[in-house]
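Visitor: So that we are looking at the same thing, I have put the structure below in structure tokens.
The values are calculated or read from the model by the stated rules, or taken from the named source; none is laboratory data. Because the structure is a prediction, the values reported are computed rather than measured. Cβ placement follows ideal geometry from the backbone for every residue including glycine, while neighbour counts extend to all protein chains displayed. Note: areas computed on protein heavy atoms with side chains; ligands, DNA, RNA excluded. Shrake-Rupley method; radii C 1.70, N 1.55, O 1.52, S 1.80 Å.
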Amino acid sequence: MTAIASLIPATLIPGDGIGPEITDAVVRILEAVGAPFAWDVQEGGMAAIAKSGDPLPAPLLDSIRRTRLALKGPLTTPVGGGFRSVNVRLREEFKLYANVRPARTLIPGGRYDNIDLVLIRENLEGLYVGFEHYIPIDGDPQAAAISSGVNTRAGSRRIAEFAFDYAVKNGRKKVTIVHKANVLKALTGIFLNTAQEVAKAYAGRVAADERIVDACAMQLVLDPWQFDMIVTTNLFGDILSDEIAGLVGGLGMAPGANIGDGAAIFEAVHGSAPDIAGKGIANPLALLLAGCMMLDHVGRNDLANRIRKAVDQVLCDDKVRTGDLGGKATTGEVADAIIRRLR
Ligand code: NAD
């Protein structure tokens with residue numbers, strides 16, 4: 001087999017704002033470690049709107065349909081103008097039902113040391129289905145607002161199995177099922193009951209417990225080390241995953257993966273950061289760690305772990321850091337330092 005034949009086709013979306021700068025840095029680092037991706041670069045976001053009127057144009061979607069694998073820079077969702085969130089559209093289009101958000105302390109000495117947590121969020125159901133309407137009363141057309149959430153037994157089973165499988169594959173010890181079944185007895189009760197059934201099938205291999213979401217939010221601040229993995233519904237996962245990112249220094253270092261049976265899209269959790277775009281000072285680590293998750297996904301955790309180790313060395317030994325981490329390095333200097341450590 002030739003080297004070319006063994007490459008894995010993958011879609012690369014540099015995206016908006018700081019997207020192209022951090023994508024350049026990440027691609028250089030992935031090349032330095034010999035990552036086996038053959039990139040199909042696709043335009044999305046504002047540049048695509050200017051050309052085709054759609055932030056997710058047909059060539060981009062066709063590319064992901066073909067490669068079923070993408071690394072995505074942040075995409076700006078224009079405010080107003082009738083555009084739906086590009087991220088919600090991508091999740092629905094490719095049925096990316098699992099959102100994986102790992103958080104690990106990268107720089108010791110912060111408020112919380114030794115954090116190593118993975119949150120798995122259901123990505124397609126719950127209150128995100130967007131079944132909403134207003135009820136007019138006494139001449140006020142928007143006197144009351146109604147929103148319906150939908151959780152299914154099949155969707156709950158699928159995300160719970162994903163979480164427990166992830167635990168087995170990644171040597172994790174415990175999954176905490178997070179819900180609000182004391183109040184939302186049907187909507188989150190179905191999720192809790194189904195996830196508990198799934199947990200029984202993994203007994204002896206992965207421990208399981210459960211928490212009500214409000215108690216979980218408090219315990220994450222008081223004693224985050226009691227948690228190993230969390231699996232939860234869409235809206236609770238959205239909120240708790242940002243809380244967990246805050247435990248390890250914010251969104252600038254938080255990677256995320258959106259995974260379905262037919263496709264997987266990896267991205268930084270942060271947005272396009274228009275305030276610093278074009279200045280060459282953005283932190284490339286969140287997108288780089290998303291690239292590491294992509295390497296894990298294709299079975300190359302050897303390469304992912306080499307990059308993670310180089311990141312640790314650059315942050316902690318070389319102390320090369322971008323401004324958001326209190327340093328002075330540019331995006332390119334961080335990439336150069338990581339590549340030096342990889343040699
Ligand atoms: P943001 O994450 O872009 O920025 C918030 C703050 O964090 C800013 O001060 C920014 O400078 C800083 N920041 C973000 N990433 C950084 C990095 N890598 N290095 C250094 N600093 C960084 O959030 P926002 O300003 O609310 O959103 C801007 C745009 O991004 C919006 O159009 C929004 O829709 C979009 N967005 C996209 C995604 C995505 O594509 N996944 C996610 C969130 C927001």
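Visitor: May I ask you to list the residues in segment 249-265 that are among the β-branched types (V, I, T) and open to solvent by less than 20 Å² (accessible area, probe 1.4 Å)?
Guide: Hit for segment 249-265 is I265, nothing else.
Visitor: Of the residues that make up segment 183-204, is at least one without any contact (Cβ under 8 Å) to a residue 40 or more places away in the chain, among the aliphatic types (A, V, I, L, M), away from the ligand (no atom under 12 Å from the Cβ) and touching a His at 6+ places or on another chain (Cβ under 7 Å)?
Guide: yes
Visitor: Additional query: Which of the residues spanning segment 36-73 are more than 16 Å from the ligand (Cβ to nearest atom) and on the phi > 0 side of the Ramachandran plot?
Guide: Answer for segment 36-73, where residues must be more than 16 Å from the ligand (Cβ to nearest atom) and on the phi > 0 side of the Ramachandran plot: G53, R68.
Visitor: Could I ask something else about it? Residue by residue through segment 186-218, note down the ones that are assigned to a loop (DSSP other than H, G, I, E, B) and loosely packed, with under 12 Cβ neighbours inside 10 Å.
Guide: Within segment 186-218, A186, A203, G204, R205 qualify.
Visitor: Go through segment 237-265 and give me each residue that's assigned to a helix (DSSP H, G or I) and either in contact (Cβ under 8 Å) with a residue 60 or more places away in the chain or within 8 Å of the ligand (Cβ to nearest atom) (or both).
Guide: G237, D238, L240, S241, I244, A245, L247, L251, G252, M253 - these are the residues of segment 237-265 that are assigned to a helix (DSSP H, G or I) and either in contact (Cβ under 8 Å) with a residue 60 or more places away in the chain or within 8 Å of the ligand (Cβ to nearest atom) (or both).
Visitor: If I filter segment 138-156 for residues that are part of a helix (DSSP H, G or I), aliphatic (A, V, I, L, M) and within 30 Å of Q226 (Cα to Cα), do I get at least one hit?
Guide: Among the residues of segment 138-156, at least one is part of a helix (DSSP H, G or I), aliphatic (A, V, I, L, M) and within 30 Å of Q226 (Cα to Cα), which makes the answer yes.
Visitor: Looking at segment 291-316, which of the residues that are open to solvent by 60 Å² or more (accessible area, probe 1.4 Å) and polar (S, T, N, Q) is farthest from the ligand (Cβ to nearest atom)?
Guide: Ranking the candidates gives N301 first.
Visitor: Just name the residue that is surrounded by the most Cβ atoms within 10 Å (Cβ to Cβ) out of those in segment 266-290 that are near the ligand (Cβ under 10 Å from one of its atoms) and assigned to a strand (DSSP E or B).
Guide: Among them, the one singled out is A268.
Visitor: Restricting to segment 219-246, name every residue that is of a type in the set (A, V, I, L, M), closer than 18 Å to T105 by Cβ and open to solvent by less than 10 Å² (accessible area, probe 1.4 Å).
Guide: L220, M229, I230, L240, I244, A245
Visitor: Can I ask one more? When segment 7-26 is examined, which residues are found to be in contact with a strand residue (DSSP E or B) (Cβ under 9 Å, 6 or more places away or on another chain) and over 21 Å from R321 (Cβ atoms)?
Guide: Matches in segment 7-26: L7, I8, P9, A10, T11, L12, I13, P14, G15.
Visitor: Tally up the residues in segment 100-131 that are open to solvent by less than 40 Å² (accessible area, probe 1.4 Å), of a type in the set (D, E) and either within 16 Å of the ligand (Cβ to nearest atom) or in a strand (DSSP E or B) (or both), please.
Guide: Going through segment 100-131 one residue at a time, the tally reaches 1.
Visitor: Taking segment 317-327 only, how many residues are within 13 Å of the ligand (Cβ to nearest atom) and part of a loop (DSSP other than H, G, I, E, B)?
Guide: 4
Visitor: Read through the list (1) loosely packed, with under 10 Cβ neighbours inside 10 Å; (2) in a strand (DSSP E or B); (3) of a type outside the set (S, T, N, Q), then give the number of the only condition that V175 fails.
Guide: (1)
Visitor: Taking the options Y166, Y134, name whichever one is part of a helix (DSSP H, G or I) and touching a strand residue (DSSP E or B) at 6+ places or on another chain (Cβ under 8 Å).
Guide: None of the others qualify; the one that does is Y166.
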